[in-house]
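Everything below concerns the one structure shown next.
The values are calculated or read from the model by the stated rules, or taken from the named source; none is laboratory data. Just so it is clear, the model here is predicted, and its values are computed rather than measured. Virtual Cβ from ideal backbone geometry, glycine too; neighbours counted across all protein chains shown. With ligands, DNA and RNA removed, areas are computed over all heavy atoms of the protein, side chains included. Shrake-Rupley method; radii C 1.70, N 1.55, O 1.52, S 1.80 Å.
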Amino acid sequence: MAPEHAFDIDSTVGRYWLANGSGFVLVERGGRKLGVVEDVVLDPATQRVDTMVVKRRAAIGRAHVPPQALTAVVPAARLFVVAPGSSGAVTRTTGREVGSTALAELRSVAAASAPVVAAGARRLATMVVVAVRFARAHWPAARRALATAGAAVLDALRWLANLRVVSGRRSRGGR
């Protein structure tokens, strides 16, 4: 790795590649490969890199690496360099840690959306009550209209069936 092509991770170029570094290889200063950056997670409020998801060997799984653990980027070689002694930051994230984080996020989303869901449910209940009252009030007239329309459709179908039978007989025996 040539030093003229390595950029400090805190430089403008380093921050750009930090945000767009999916597919880059994560290495220690000595060149030992630690994994491949699978995804870059941005902080929604600041749009800065919060963590990088690194895919390690199949038996090890994935690790979450904070951007503070990186020192340099080599864009031409598609490499991120990990700070000396911080390869311990590239530890496997256990399912329990991911689950507890996801549960905390779900609880905060549920708490924030509860008033909106409740208001929507009240509006839906009001609309259902209005529809049921309307149907009850107008059911006799609606039932008569449906019966009349159904009878008209049946008469039309019988007429068409009869016409087809009659025209079929005429075409066979008419000449």
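Which order do peptides 10-16, 136-142 fall in by mean Cβ count within 10 Å, highest first?
Order by mean packing, descending: 10-16, 136-142.
Say each of residue 106 and residue 160 gets a label point 7 Å from the Cα, pointing the same way as Cα to Cβ; how far apart are those two points in nm?
Going from the residue 106 label point to the residue 160 one covers 5.3 nm.
Taking H as built 1.01 Å from N, whose amide H comes closer than 5 Å to the amide H of residue 39, not counting residues under 5 places away?
53
Order 159, 17, most accessible first, counting only protein heavy atoms with a 1.4 angstrom probe.
Final ranking, largest accessible area leading: 159, 17.
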